[in-house]
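S.K.: Please read through the structure below; I'll follow up with questions.
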Amino acid sequence: MISIEVFRARRARLLADMAARGGGVAVVPTAPERERNRSTFFPYRADSHFFYLCGFREPEAVLVLVAGDSPCQFLFCRAKDEEQETWVGHRHGPEVAAERFGFDSAWPIGELDRKLAELFVNQPAIWTSLGNEPEWDRRILAALKAVRAKVRTGDTAPQTVHEISAVLDEMRLIKDEGEIDLMRRAGEISAAAHCRAIRATRPDRFEYEIEAELLHAFRSAGSQFPAYPTVVASGPNACVLHYTDNDRRMLDGELLLIDAGCELDGYASDITRTFPVNGRFSGAQRDLYQLVLAANLAARAEVRPGNGWNAPHEAAVAVLTQGFIDLGLLKGEAKELIETENYRRFYMHRTGHWLGLDVHDAGQYKTNGQWRPFVPGMTLTIEPGCYIRPADDVPEAFWNIGIRIEDNVLVTPDGCEILTDGVPRDIEGIEELMRG
Ligand code: GLY
Ligand code: MN
Ligand code: MN
């Protein structure tokens, strides 16, 4: 649980950053509710920037921060409404929300447009993220226009719109202790869910039965949502990177690839494991699995402060490409196959991404044109794989094998900590879990 003091300190840091760059007013709306079909809605999930700054989970809320000599932190949220609260659920209401979430003041969301136009007066800049939700762009620009309309009174309107993500992405990239605790716990829950799924797998069961095991484990451990759509991909489906139908019967002799992670109090985990449906890796499966495992271990060994973001990917590509040659899948010299990117026929994605409130989390991968160096507190995935579709020039034993081994990693002062060790990744550990 992240404390209100921490959220308030994050807002103060953002305000200090804004002040150092000329000041202005920040407007950070949360996500809209989205209809799934006729007056029923997708499960609601707050916007990550908004949630990072205040931890408030209700929809229809906006955070407004005014930088300057006496910085102010305001929240706009739903007014209390007995009837709506009877039908839909509790609302804090502005008065309670201001106190509970550490704001200087809070107002009903219905007053936002009028108040924004007031707050923009004589301010040098607006700090927001345009281009995400057309309705928010429209409202923010309408408030700006309302101020411009009053220039003859002597008021001035903001002259600049800053992309607030440039600041918030950088803040979110380095996790604090509270975030790391949540990500450790999310990793544990997801690892336990994978163990449950591995144990439940056997020939002739359906992929969705295994998906149900994962979702049960996530929710019963207190996670609010899966962090992304669960992939339970048997046999040829494992070669479809974003397969989520999960409706096929799993056959004896095939592999099952599961990419699944829970979200806990906003923070994602993201684990992939691949294992034999019948509990025993065959020869070709074993060879390819050992290769991907070697790539996973080589990649993680590159995660340490000072090394650049791309070092794990380069290590994984080097191991995989040499392995593809050794197994007769590619012909030629490793160096050339890497330079020409011919390895991408069997390994077409990158080896990881930042992980946090978003599964593909905020943060630039390059700064000043260079891969950015790892810094303690960064969290990322390591997820090499290989995907072999049937083709005349590919030995048949490898057809339809898709393997990925994905772990979550925290950069520490002297290397890294693996957050997803709770589910085995070596062949012996997996086969033993399936025998049990
Ligand atoms: N599960 C999404 C990803 O691995 O990037
Ligand atoms: Mn991932
Ligand atoms: Mn994944």
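S.K.: Given springs between every Cα pair under 10 Å in a Gaussian network model of the chain, which of Thr321, Thr86, Thr367 has the largest fluctuation?
M.R.: The residue that fluctuates most here is Thr86.
S.K.: In addition: What's the extension gain from Ala192 to Asp252 if we count 0.36 nm per residue and subtract their Cα-Cα distance?
M.R.: Separation in residues times 0.36 nm, less the Cα-Cα distance, equals 19.2 nm.
S.K.: Charges at C-beta only: +1 for Lys and Arg, -1 for Asp and Glu. How large is the resulting dipole of the range 268-345 about its Cα centre, in Debye rounded to 20? Numbers along the way, then the final one.
M.R.: Details: 9 positive and 9 negative charges, 69 e Å.
I would put it at about 340 debye.
S.K.: For the chain, what is the calculated [θ] at 222 nm in deg cm²/dmol (nearest 500), taking -39500 (n - 2.57) for each run of four or more DSSP H residues and dividing by its residue count?
M.R.: On the way: 13 runs with 157 residues, N = 436.
That comes out to -11000 deg cm²/dmol.
S.K.: Right, another one. Taking the chain, how many lysine pairs are there with alpha carbons less than 27 Å apart, if each pair must be eight or more places apart or span two chains?
M.R.: Lysine pairs meeting the criterion: 5.
S.K.: Turning to a different aspect of this structure: Please give the Cα centre distance for the range 74-146 versus the range 218-291, rounded to the nearest Å.
M.R.: Going from one Cα centre to the other spans 41 Å.
S.K.: Now for a different question. What range in the chain is the longest one free of GluC sites (Glu not before Pro) that are in a loop by DSSP and have at most 16 other Cβ atoms within 10 angstrom?
M.R.: 34-332
S.K.: Here is a further query. Which loop trypsin sites (Lys or Arg not before Pro) in the range 326-399, with loop taken from DSSP, have no more than 12 other Cβ atoms within 10 angstrom of their Cβ?
M.R.: Numbers: sites: Lys331, Lys335, Arg344, Arg345, Arg350, Lys366; in loops: Lys331, Arg350.
Loop-located and lightly packed - Lys331.
S.K.: Continuing with this model, one more query. Between Glu339 and Tyr44, what is 0.36 nm times their sequence separation minus the Cα-Cα distance? Round to one decimal in nm.
M.R.: Contour length minus Cα-Cα distance gives 101.7 nm.
S.K.: What's the exposure ranking of Ser269, Ser234, going from fewest to most Cβ atoms within 10 Å?
M.R.: The most exposed by this proxy come first: Ser234, Ser269.
S.K.: Let me ask another. Test of understanding: in a Gaussian network model of the chain with alpha carbons linked when under 10 Å, which of Thr379, Thr351, Thr412 would top the mean-square fluctuation ranking?
M.R.: Judging by the Gaussian network model, the answer is Thr412.
S.K.: So if we plug the beta-carbon distance of Glu99 and Arg21 into 1/(1 + (r/R0)^6) with R0 = 30 Å, what FRET efficiency do we get, rounded to 0.05? List each step's numbers first, then the result.
M.R.: On the way: r = 31 Å, r/R0 = 1.02.
For R0 = 30 Å, the calculated efficiency reads 0.45.
S.K.: Another question about this same structure. For the chain, what is the relative contact order in percent, using Cα pairs closer than 8 Å and at least 6 residues apart in sequence?
M.R.: Rounded, it is 13 percent for the chain.
S.K.: With the calculation restricted to Cα positions, what are the radius of gyration and Dmax of the chain in angstrom?
M.R.: When restricted to the Cα atoms of the chain, Rg and Dmax are 24.8, 81 Å.
S.K.: In nm, to one decimal, how far is the Arg138 label point from the Ala212 one, both placed 7 Å along Cα→Cβ?
M.R.: Simple spin-label model gives 4.4 nm for this pair.
S.K.: Grab the Cα-Cα distance for Ser70 and Thr160, subtract it from 0.36 nm times how many residues apart they are, and report the gain in nm with one decimal. Walk me through the intermediate numbers first.
M.R.: Details: separation 90, 0.36 × 90 = 32.40 nm, distance 2.09 nm.
Stretched fully, the Ser70-Thr160 segment lengthens by 30.3 nm.
S.K.: Testing the spin-label approximation: label points 7 Å from Cα along Cα→Cβ at Val88 and Asp204. State their distance in nm.
M.R.: Simple spin-label model gives 4.9 nm for this pair.
S.K.: Taking the Cα centre of the chain as the origin, how large is its charge dipole in debye, to the nearest 20, when only Lys and Arg (+1) and Asp and Glu (-1) carry charge on their Cβ atoms?
M.R.: Dipole about the Cα centre, nearest 20: 760 debye.
S.K.: Hey, with R₀ at 25 Å, roughly what FRET efficiency would Arg152 and Glu111 work out to, going by the Cβ-Cβ distance, to 0.05? Before the final figure, lay out each step's value.
M.R.: Working: r = 25 Å, r/R0 = 1.01.
Once the sixth-power term is evaluated, E becomes 0.50.
S.K.: Can you work out ³J(HN,Hα) from phi for every residue in the range 65-75, in order, using Karplus 6.51 cos²θ - 1.76 cosθ + 1.60 and θ = phi - 60°, giving whole Hz and x for Gly and Pro?
M.R.: 10, 10, 7, x, 5, 10, x, 10, 10, 10, 10
S.K.: Top mean-square fluctuation among Asp155, Asp287, Asp247, Gaussian network model of the chain, C-alpha springs under 10 Å?
M.R.: Asp155
S.K.: Could you give me the percent of Cα pairs per 10 Å distance bin for the range 280-436, shortest bin first, beginning at zero and ending with the bin that holds the maximum distance?
M.R.: 11, 37, 33, 17, 2, 0
S.K.: Looking only at the range 21-142, where both bridge partners belong to it, what percent of the DSSP beta bridges are antiparallel (to the nearest 5)? Walk me through the numbers before you get to the answer.
M.R.: On the way: 12 of 18 bridges.
Roughly 65 percent of the DSSP beta bridges within the range 21-142 come out antiparallel.
S.K.: Still on this model: Once the Cβ-Cβ distance between Asp393 and Arg280 is put in as r, and R0 is 30 Å, what FRET efficiency do you end up with, to the nearest 0.05?
M.R.: The pair Asp393/Arg280 has a calculated efficiency of 0.60.
S.K.: With unit charges on the beta carbons (Lys and Arg positive, Asp and Glu negative) and the dipole taken about the Cα centre of the range 24-91, which residue among Phe51, Val27, Thr86 sits farthest to the positive side?
M.R.: Phe51
S.K.: Could you tell me which chymotrypsin sites (Phe, Trp or Tyr not before Pro) in the range 307-380 are loop residues by DSSP with no more than 15 other beta carbons within 10 angstrom of their beta carbon?
M.R.: Tyr365
S.K.: A further question on this structure: Using the scaling law 2.2 N^0.38 Å as the reference, what is the normalised Cα Rg of the range 104-160?
M.R.: Expressed relative to 2.2 N^0.38 Å, the Cα Rg reads 1.14.
S.K.: Across the range 168-183, in residue order, what do the Karplus-derived ³J(HN,Hα) couplings come to in whole Hz, using 6.51 cos²θ - 1.76 cosθ + 1.60 with θ = phi - 60° and x for Gly and Pro?
M.R.: 5, 4, 5, 4, 5, 5, 9, 7, 8, 4, x, 5, 5, 4, 5, 6
Coordinate-derived values only; no laboratory data. All figures in this text were calculated on a predicted structure; none of them were measured in a lab. FYI the Cβ positions are ideal-geometry reconstructions off the backbone, even for glycines, and counts take in every protein chain you see.
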